[in-house]
Amino acid sequence: MIHFNIDEEHAILTVCPEGALSEQDFARVAAAVDPIIELQGELTGLIIHTKAFPGWDSFASMLSHFRFVRDHHRHIKKLAVVSDSAVLNIFPHISAHFISAELKHFHFNEYSDALTWLQANGQNR
């Protein structure tokens with residue numbers, strides 16, 4: 001399951017994956033964030049905040065995740081990965097090759113630092 005919050009004032013989406021991710025999780029996030037992207041043209045940032053990557057509940061869920069990334073990455077200026085997970089710690093290095101957002105890793109307890117980084121140069125909203 002993905003818990004998420006959208007700070008509409010700063011156009012920042014925070015996702016907190018807990019437990020195996022499902023197709024419905026990505027559909028819910030897309031339904032909430034797409035109108036903001038439509039209205040503002042982009043998100044200032046996305047925070048992925050989790051202790052460990054929970055995986056997917058099915059192959060279809062993994063494909064939904066990849067489609068979500070494909071359909072949204074061009075509309076996100078910055079991506080902060082806030083996690084101590086070994087898998088997510090290397091994510092910025094790997095994904096920099098196919099995601100257009102500026103990426104930065106933060107330790108799990110550095111959420112406020114990640115938020116500050118995302119909001120820097122994004123105060124125009």
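Counting only Cβ charges, +1 for Lys and Arg and -1 for Asp and Glu, the dipole size of the stretch 2-119 around its Cα centre is about 340 debye. Extent along the principal axes, Cα only, for the stretch 2-119: 33, 28, 26 Å, with the longest axis given first.
Oblate is the label for the stretch 1-57, because a/c, from the alpha-carbon gyration tensor with a ≥ b ≥ c as root eigenvalues, is 1.5 or above and a/b does not exceed b/c. Among residues other than MET1 with Cβ under 14 Å from its Cβ, the summed charge is -3 (Lys and Arg +1, Asp and Glu -1).
Values in this text are rule-based calculations from the coordinates and carry no lab data. Since the model is a prediction, treat every value here as computed from it, not as a measurement. Positions of Cβ are generated from backbone atoms using ideal geometry, with glycine treated the same way; all protein chains shown enter the neighbour counts.
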